[in-house]
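Student: The structure is given below, and queries will be raised subsequently.
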Amino acid sequence: MKKCTTLILAGLITIHLVGQQTGLVNYKHLGISFNIPEGWVGQETDGGYLMGSNNVPGLIMMIPHEIQSVKQLEAEARRGLNEGNGTALSLQGDIEQLGNNAIGGEYSGTLEWQAAKGYAVGTINPHGTGVTIIAITTADKYSADYKNYAMQVKNSLVYKKPETGPIVNQWKRHLSNVKLIYMDSYYSSSYTDGGVSGGYSSEIQIDLCAQGYFNYQGNNEVSAGSNYSSLYSGDNNKGHGNWNVVVGAGGQPILRLNFNNGEVYEYNLELREEKTYLNGNKYFRTTTGEYAPNCY
């Protein structure tokens, strides 16, 4: 299962899936398993997992998330979905409590410009990646059955501790007590009328401390003529948050920074010729001297 913020698809009437799966689906690296409802088939997509039926109009979408509290899950549910491109779904009525770690609600709006209605269930995984389940169809086809479809999948969910293998520990050793530095810049001049020049520079420093906290400093400068702006992070004597290495929904190692203010940054990790890359960008990895990590 791959991860993204949301899954947007057109064609809510009847679908035919390629590489169809039925029965039990098991993602060991996420610690998630569930059953596809009888009469439905499914397949993995770039946004999560998709289920459809040749007899029931609509879709069941399963979207992974990293929310770890019911309060935050409720806040996201009330916010609804507004992705542009004709996709906007709003909560209708109250949120339902579906046990200690799950909530549900009815949504209506548009999905890629089509009038749509559905029932969504959000669940929390105590071991990591949770899922949101949405059973949705065109507004004129919707009935209480769609809540039942979503609940069937929810009730079949089993969360276990992920089977991550050695990759997580390898990356934790590689990143502990390390400063990661990213630098990029570009400047240009134009000698046409007016003599306009401009450019940018960007530097990010991330101190990853073995005790589990991190410090983050970002500096972005943009100039064009006399215009100038910069942004620096503030200091915190307890660090700016805690960090961890997890296995992402697609099986890739991810560096996760949980800031004290609630923000979360995630970076796909990769080694190329013994160089460290975060989200495809090369970071210098330093441990001593002037560029030792700030781990007090």
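Student: Only one residue in A75, A102, A88 is touching a strand residue (DSSP E or B) at 6+ places or on another chain (Cβ under 8 Å) and within 23 Å of G128 (Cα to Cα). Which one? Working first, answer last.
Tutor: Working: A75 fails: touching a strand residue (DSSP E or B) at 6+ places or on another chain (Cβ under 8 Å); A88 fails: within 23 Å of G128 (Cα to Cα).
Result of the check over A75, A102, A88: A102.
Student: Need the failing condition index for Q114 against (1) surrounded by 14 or more Cβ atoms within 10 Å (Cβ to Cβ); (2) closer than 22 Å to S156 by Cα; (3) polar (S, T, N, Q), just the number.
Tutor: Going through the list (1) surrounded by 14 or more Cβ atoms within 10 Å (Cβ to Cβ); (2) closer than 22 Å to S156 by Cα; (3) polar (S, T, N, Q), Q114 breaks only (2).
Student: Hey, could you check region 30-46 for residues that are surrounded by fewer than 20 Cβ atoms within 10 Å (Cβ to Cβ) and not in a strand (DSSP E or B) and say which is modelled with the lowest pLDDT?
Tutor: D46
Student: So which of Y159, Y146 is touching a Pro at 6+ places or on another chain (Cβ under 7 Å) and touching a residue at least 40 places away in the same chain (Cβ under 8 Å)? Let's see the steps before the verdict.
Tutor: On the way: Y146 fails: touching a Pro at 6+ places or on another chain (Cβ under 7 Å).
Result of the check over Y159, Y146: Y159.
Student: To continue, here is another question. Can we say K147 is in contact with a strand residue (DSSP E or B) (Cβ under 9 Å, 6 or more places away or on another chain) and either modelled with pLDDT under 95 or crowded, with 22+ Cβ neighbours inside 10 Å (or both)? Full working, then the answer.
Tutor: Values: in contact with a strand residue (DSSP E or B) (Cβ under 9 Å, 6 or more places away or on another chain): yes; either modelled with pLDDT under 95 or crowded, with 22+ Cβ neighbours inside 10 Å (or both): no.
No, not satisfied.
Student: Still on this structure: Pull up region 267-291, narrow it to residues that are assigned to a loop (DSSP other than H, G, I, E, B) and either free of Cβ contacts under 8 Å to residues at least 60 places away in the same chain or outside the structural domain of M183 (by TED's automatic domain parsing) (or both), then point me to the one that is nearest to the chain's Cα centre (by Cα).
Tutor: Here is the first cut: in region 267-291, the ones assigned to a loop (DSSP other than H, G, I, E, B) are 273-274, 279-280, 287-288.
With the extra rule that they be either free of Cβ contacts under 8 Å to residues at least 60 places away in the same chain or outside the structural domain of M183 (by TED's automatic domain parsing) (or both), the set shrinks to 273-274, 279-280, 288.
On the way: E273: 28, E274: 27, N279: 13, G280: 17, T288: 33 Å.
By that ranking, first place goes to N279.
The values are calculated or read from the model by the stated rules, or taken from the named source; none is laboratory data. In this text, all values refer to a predicted model and were calculated from it rather than measured experimentally. Neighbour counts run over all protein chains shown; Cβ positions are idealised from the backbone, glycine included.
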